[in-house]
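The values are calculated or read from the model by the stated rules, or taken from the named source; none is laboratory data. Here the structure is a predicted model, which is why all the values come from computation and not from measurement. Here the Cβ positions follow ideal geometry from the backbone for every residue, glycine too, while neighbour counts run over all protein chains shown.
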Amino acid sequence: MRALSAGVTRFVVEDDGPGIPEAKLERVRQPFRRVEGSRNPAAGGTGLGLYIAQQLVRRQGALLVLGNRPEGGLRAGVVF
């Protein structure tokens, strides 16, 4: 967590997976949407994780920001 300026704080989570294609970053915010090939279908998953996270963040008056890391992986940030 880092204070960006007076009253603005950002919390960031990063991984080193394959990331999400830029064209699909907005799509994965919708319920029941998964990035095809992003993980083993046998592992399960409903495509609700980022949608639920986004809804919780919005209810707190914050913003969920998604982007790919230059070295690979996804960066998800919450800005309060």
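Numerical summary
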{"quantity": "Matching residues, the stretch 19-36, being modelled with pLDDT of 90 or more and assigned to a loop (DSSP other than H, G, I, E, B)", "calculated": "Gly19, Ile20, Pro21, Leu25, Glu26, Gln30, Pro31, Phe32"}
{"quantity": "Unmet criterion (only one of (1) within 21 Å of Val78 (Cβ to Cβ); (2) of a type outside the set (A, V, I, L, M, F, W, C); (3) modelled with pLDDT under 95) for Arg39", "calculated": "(1)"}
